Amino acid sequence: MTDTSPAFKVAECACRKLSITLQNEPEIVSSCNCTDCQRRTGSVFGVAAYFAKTNIVAQTGDSKVFERKADSDGTVSMHFCPECGTTVYWRLSMYREYVGVAVGCFGDAGFPAPERTVWANRKHHWVTFPPSVRVYPEAP
Ligand SMILES: [Zn+2]
Ligand SMILES: [Zn+2]
């Protein structure tokens, strides 16, 4: 058997100055339709890959941090590039062992699909997910 997946996964901002490099597979890939994610991405839903922090291999570039209250208690600290504004990764005060990474920043159309979508009660009416995706009306 041949493993064709690259050893490392690199997520970069639009200007490529802010990046995070990870190894191994994400613990979970999740999409979120909440209005905070809509505003953060400028798109109609966000897709996040959560990796164990022990899988962070490298980080480059300066980031600014936008902190907001999470759906649950606690805060989300979004790290975005001060040059181009792209959010590349974030940390949740409730899940300190994990880092959330914006899946679009990998630029990899073969990246694993989300296993679930949350805040479906805020989902744009035309968005449909494949049957393999578990749908939660709010946060699970
Ligand atoms: Zn940038
Ligand atoms: Zn969200």
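Nothing in this text is a laboratory measurement; each read-out follows from the coordinates by a stated rule. Not measured: the values here are computed from a predicted model. Cβ coordinates were reconstructed from backbone atoms using ideal geometry, including for glycine residues, and neighbour counts include every protein chain displayed.
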Full extension from GLU97 to CYS15: what is 0.36 nm times the residue separation minus their Cα-Cα distance, to one decimal in nm? 26.7 nm
Fewest first, what order do ARG16, ARG91, ARG39 take by the number of other Cβ atoms within 10 Å? ARG39, ARG16, ARG91
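Sorting PHE8, PHE80 on the 10 Å Cβ count, fewest up front, what's the list?
Least to most surrounded, the residues fall as PHE8, PHE80.
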Length added when fully stretched, VAL57-THR75, from 0.36 nm per residue minus Cα-Cα: 4.0 nm
Starting with the fewest neighbours, write out VAL65, VAL133, VAL57, VAL118 ranked by other beta-carbon atoms found within 10 Å of each beta-carbon. VAL65, VAL57, VAL133, VAL118
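Taking a quarter of the surface of the convex hull around the Cα atoms of the chain, what do you get in nm²?
Its Cα hull, projected and averaged over all orientations, spans 8.9 nm².
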How about LYS123: which lysines have a C-alpha closer than 21 Å to its C-alpha, ignoring those fewer than 8 places off in the same chain? LYS69
Determine the gain in length on full extension of the stretch ARG39-PHE66; use 0.36 nm per residue of separation and subtract their C-alpha separation, reporting nm with one decimal. 8.5 nm
MRE, 222 nm, helices only [DSSP H, n ≥ 4, -39500 (n - 2.57), over the chain, to nearest 500]: -1000 deg cm²/dmol
